[in-house]
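Trainee: First, the structure itself, so that you have it in front of you.
The values are calculated or read from the model by the stated rules, or taken from the named source; none is laboratory data. Everything numeric here is computed off the predicted structure, so don't read it as measured data. All Cβ positions, even for glycine, are placed from backbone atoms using ideal geometry, and neighbour counts span all protein chains on display. Only protein heavy atoms, including side chains, enter the accessible area calculation; ligands, DNA and RNA are left aside. Shrake-Rupley method; radii C 1.70, N 1.55, O 1.52, S 1.80 Å.
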Amino acid sequence: MDSTIAAIMTAVGYIIGFSLLGFGIGIGLIGSKIAEAIGRNPEVKNEIVSSMMILLIILSIFILLMFAFCFMLLFFNPFVS
């Protein structure tokens, strides 16, 4: 039972670490592409920024759902009886 709990905690750590790493890389790529788009066509800055904000809100919701899933694995785990 102790090895199961240790494996689950390790897996949850990997899930959180890799998801935040991917989230950071994705936000960086989005920011660079938005800077390029605004540099090419500065007149549409408001539309670009509003669409970026919608995308960031959706990504943040996915990150919060991932945290909820990880906490469910930690505290309400079906593998530990």
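Trainee: Can you give me the number of residues within the range 1-23 that are assigned to a helix (DSSP H, G or I) and touching a residue at least 40 places away in the same chain (Cβ under 8 Å)?
Mentor: 11
Trainee: Mind checking whether some residue in the range 29-46 is among the basic types (Lys, Arg), open to solvent by 70 Å² or more (accessible area, probe 1.4 Å) and under 21 Å from the mean Cα position of the chain (by Cα)? If you could, list the steps in order and put the result at the bottom.
Mentor: Initial filter on the range 29-46 (among the basic types (Lys, Arg)): 33, 40, 45.
Subset that is open to solvent by 70 Å² or more (accessible area, probe 1.4 Å): 33, 40, 45.
Then drop every residue that is not under 21 Å from the mean Cα position of the chain (by Cα), which leaves 33.
So far as the range 29-46 goes, yes, one or more of its residues are among the basic types (Lys, Arg), open to solvent by 70 Å² or more (accessible area, probe 1.4 Å) and under 21 Å from the mean Cα position of the chain (by Cα).
Trainee: Look through the range 1-21, keep the residues that are among the small types (Gly, Ala, Ser) and surrounded by 12 or more Cβ atoms within 10 Å (Cβ to Cβ), and return whichever of them is nearest to the chain's Cα centre (by Cα).
Mentor: Ranking the qualifying residues of the range 1-21, first place goes to SER19.
Trainee: Determine the pairs where a residue that is at negative phi and part of a helix (DSSP H, G or I), located within the range 24-50, has a partner that is at pLDDT below 95 and of a type in the set (D, E, K, R) with Cβ atoms under 7 Å apart, the partner being 6 or more residues away or on another chain.
Mentor: Qualifying pairs under 7 Å: ILE38/LYS45.
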